[in-house]
Structures are given as structure tokens and as C-alpha cells.
Amino acid sequence: MSLRFLDLARPSRQHWLGYLLLLPAVALVALIIVYPLFVSLDLSFQKIGMATLSAPRKPFTLENYHKLFASPDFWNSCWVTIKLVVVVSAACFAVGLGTALLVNNRFKGRTLARLFVALPWAVPEVIAVVIFAWIFDSSFGLMNWLFIKFGITSQMINWFSEPTAAFWVVAITMIWKGYPFVSIMALAGLQSIPEDFYNAAKVDGANAFQRFWYITIPVLMPVLGVTSVLVVLWVFRDFSIIKVLTDGGPLKATQTLSIMTYDQAFGFFNMGYASAIGIVTLVLCVVASLLMLGRKSQAMY
């Protein structure tokens, strides 16, 4: 009887084979994602400094969340994060979709052009930060030289000491690093659109803009919907670009929620408070993902 129960080749028990094959992957995901998530949630309800596995659990408290929602630094970080998400996501989609439409055409050197479009995505973030730190250097950076050369300004701009300038330096760096991902995704979607759609539209007298608005965009909506979620989540969680470039300064003008979480956890050794920030960030990411993965992510055709 036991051998018949273990016979997974029987039609009535073939679905158990799939479950068994998935079990190692599910266990690994639970170990490296689900378990740390529950630990962070538990720490957020404790007033604790350095968290260790051997330390006894602290009493349950909502003090971390009370302190968090009453903190001006938290709301400032939320505002900086939202600004970065809006600016970087919008620019990444504009530049990424534009370059995808460009390299989707047939022209000499298209393969090389596609390589250059995808190149920033392959560059490690720290190297990209070093490049832009040199470009925006206040003493001998390329950007200051161009501004003075074309008469935009008469003196050197200290990009990393002025809050507004530092924010835009971070935004430009993230746009340069992130737009190739949108280009690659959009290009894959463009190549899946049947040429008959455009030929029929040309016969009906549709111009280039009408073909783009009524054919390209509706068909690309599933790709653009998923891509928008991934780009927004990347901007939400990105840490290395801001940390290396400005470290959240000046005057916390570039301090996002991820930077604030790191500072509280490893700068001030306040693990409970940092966990509360992380949980709130997770909730914001989930809400943003659910709002974007709605009807607009479905194709018209």
C-alpha cells in the first residue's frame, strides 16, 4: 500500500511530482526572503538597537511607528523618494521609448547603435557614479566647462553642495543608468508588433503620429506596464548611486527612504526604527505596484 502511494507515475498522483520538484525552490525563497521579512516586521515592533539571534525578544511596542510618522526626516525622505520616482521614471520612459523606436528602424549600423543604447545598463552602478562625479566636479568637471563655454553661467557651480543641484545630479545619473532597461523592454515589444498593423493604417491614411498613438502604444501597454513597475521599484530601492554620490546630502536633499533605513540601522544602530522604515517602504512599493498593474497594463488588441 505504501509503495502504491509513492508511485508518482500514476495519473491520479502526477501533480504531486510538480509539487516535489518545486519544493526546494520554495524552501529557498522562504529562507532568504520570507523569513527575513518576518524578522524585520517583528523587529519593527521592538525598541532595539543591535539585533542578535541570541538576544531575548523585547516587549511589543508601537513606539517606532509613532516616532516615524512624527519625524520630519521621514516625511522629507518620502518627498525626496517620490520626486525621484516621478522624475527618473518619466525621463527613463521618454528616453527609453524614444531610443527603442530609433533603433527599431532599419539603418546602417543598427547593431552598433543597439549596443550603445544598452551599454549604460551593463556598467556597474559604482563605476557610473564615479563617471558622473567627475563630470559634475565643481573644479574641473565637464558640465561646469560646458556651462561656462556656452554662457549659461559665469562661475563654477558646486553641484554637490547645493540641495537642488545635488538632487538633479542624482536624478541624471539614475536616468542614464536606468533608461537602457526601458529601451530593451520596449524594443522587444516593438519587434512583436505585426507589420500588417502599420501597413493597414497607412492604407487608411494614418500618419506617423497616429500610427504611434493608436497602434504602438496600445500594443505595448503590457510591456510598458510591467516595465513601469520594475523601474519604480528600482528607484524606490536604489541605494548605491545615492550613497556613493551624495550620501543623502546636502541638507538631506537626496536622502531617500533606503538611505534613511541604512543610516538608522548601521549609522545609529537603531534596528527597530530602521525595520519600521523598511516595512513602510515595502508597503509603499506594494501599493504602487498594485496601482500600476491595473487595466492600463493590458493591450488593446
Checklist entry - Taking helices (runs of 4 or more DSSP H) that do not extend beyond region 189-244, which have at least 2 residues that are touching a Lys or Arg at 6+ places or on another chain (Cβ under 9 Å) and open to solvent by 40 Å² or more (accessible area, probe 1.4 Å)? => result 195-203
Checklist entry - Does region 248-270 contain any residue that is aliphatic (A, V, I, L, M), part of a helix (DSSP H, G or I) and open to solvent by 50 Å² or more (accessible area, probe 1.4 Å)? => result no
Item to check | Residue in region 158-172 that is of a type outside the set (S, T, Y), modelled with pLDDT of 90 or more, closer than 30 Å to R106 by Cα and not in a loop (DSSP other than H, G, I, E, B) present | outcome: yes
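Could you count how many residues in region 92-134 are closer than 24 Å to S161 by Cβ and among the small types (G, A, S)?
Residues flagged as closer than 24 Å to S161 by Cβ and among the small types (G, A, S) within region 92-134 amount to 2.
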Next on the checklist: I'm trying to understand the selection: among the residues of region 65-87, which are without any contact (Cβ under 8 Å) to a residue 60 or more places away in the chain and aromatic (F, W, Y)?
Outcome noted: F69, W75, W79
Next on the checklist: Between a residue in region 200-225 that is touching a residue at least 24 places away in the same chain (Cβ under 8 Å) and within 16 Å of L97 (Cβ to Cβ) and any residue that is aromatic (F, W, Y) and loosely packed, with under 14 Cβ neighbours inside 10 Å, which pairs come within a Cβ distance under 8 Å, given they are 6 or more apart or on different chains?
Outcome noted: P218/Y301; V219/Y301
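Somewhere in region 141-156, is a residue in contact with a Lys or Arg (Cβ under 6 Å, 6 or more places away or on another chain), part of a helix (DSSP H, G or I) and over 22 Å from A91 (Cα atoms)?
Taking every residue of region 141-156 in turn, none turns out to be in contact with a Lys or Arg (Cβ under 6 Å, 6 or more places away or on another chain), part of a helix (DSSP H, G or I) and over 22 Å from A91 (Cα atoms).
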Checklist entry - Which one is most open to solvent (accessible area, probe 1.4 Å), of the residues in region 152-170 that are of a type in the set (F, W, Y) and more than 14 Å from F140 (Cα to Cα)? => result W168
Checklist outcome for this item: F140 fails exactly one of (1) open to solvent by 80 Å² or more (accessible area, probe 1.4 Å); (2) in contact (Cβ under 8 Å) with a residue 60 or more places away in the chain, namely (2)
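The values are calculated or read from the model by the stated rules, or taken from the named source; none is laboratory data. The structure presented is a predicted model; accordingly, all values stated were derived computationally and were not measured. Glycine also receives a Cβ, built like all others from the backbone with ideal geometry; neighbour counts cover every protein chain displayed. Side chains are part of the model used for accessible areas, which takes the heavy atoms of the whole protein and leaves out ligands, DNA and RNA. Shrake-Rupley method; radii C 1.70, N 1.55, O 1.52, S 1.80 Å.
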